[in-house]
Amino acid sequence: EVARVAEQVDPRNHLAFGISRNMMAYLATIAGDYASAQQALASVKSAYEKSGLGSWPSTYTLCFEGCIEMIHGNVRAAVQRFETALKNATPSGQSVPSAFLADALYDKGELDRAGSLAEDHIRLNREIAPPDIVILSYRVAARVSFLNGNLDHAESLLTELGDIGDMRGVPRRKAAAWLEKSRLALLCGDADAAARYLALGANPKIWAPHAGAQFYSQEL
């Protein structure tokens, strides 16, 4: 239904058109239809060239392109997209690309910068960002903290992520926190706790409303 409405947006309304095509690209990505996602992103970039829109919608376009690159294992290309999005964003708009970039840098093993990016923007993201951004921010911050030997801080971050899920009524955030706690428990050699958190995070009732969706933050 969202995609159907988005398709009807008048291209002459450049801002609405850009937002609508970003939405279509996001929906196509989580459905695994990357060709359609790329097509929507190409059309929105053309609109940017004609209209001179500000950085806010183009930030999401670059980030979605980076996500597709990451999903296909092209980490270097993804980092370039996220770096460009971060560079061109306004100060208040840097929190979104920072989460994607931190996640990609973690994959590359650049832990210091990944941790700094995640921690620096985590408070703003928890207040305004979509669920995937919040999950990425907290997960990267927790993982880097754990690798730096601060297990208490890592667990505290994941508990906070779960609490945000409860407060905002987004069970997927709580599930992401449980799944990451399962991973940490396993790394610490506590198989019983790992199994318990895994069972909580894999609860079919949480995931049933999202059947068929391949969320970027769940691409573990």
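Structure notes:
- Pairing residues of the range 120-132 that are among the hydroxyl-bearing types (Ser, Thr, Tyr) and surrounded by 15 or more Cβ atoms within 10 Å (Cβ to Cβ) with residues that are modelled with pLDDT of 90 or more and in a helix (DSSP H, G or I), at Cβ distances under 7 Å and at least 6 apart in sequence or on separate chains, gives no pairs at all.
- In the range 53-73 there is no residue that is over 15 Å from the mean Cα position of the chain (by Cα), assigned to a helix (DSSP H, G or I) and either among the charged types (D, E, K, R) or at pLDDT 90 or above (or both).
- Given (1) at pLDDT 95 or above; (2) loosely packed, with under 15 Cβ neighbours inside 10 Å, number of the condition Arg168 does not satisfy: (1)
- Selection of the range 136-156 for residues being crowded, with 21+ Cβ neighbours inside 10 Å and either without any contact (Cβ under 8 Å) to a residue 24 or more places away in the chain or in contact with a His (Cβ under 7 Å, 6 or more places away or on another chain) (or both) yields Ser137, Ser145.
The values are calculated or read from the model by the stated rules, or taken from the named source; none is laboratory data. Quick caveat, the model's predicted, so the values are computed rather than measured. Here the Cβ is made from the backbone with ideal geometry for all residues, glycine too, and neighbour counts use every protein chain on show.
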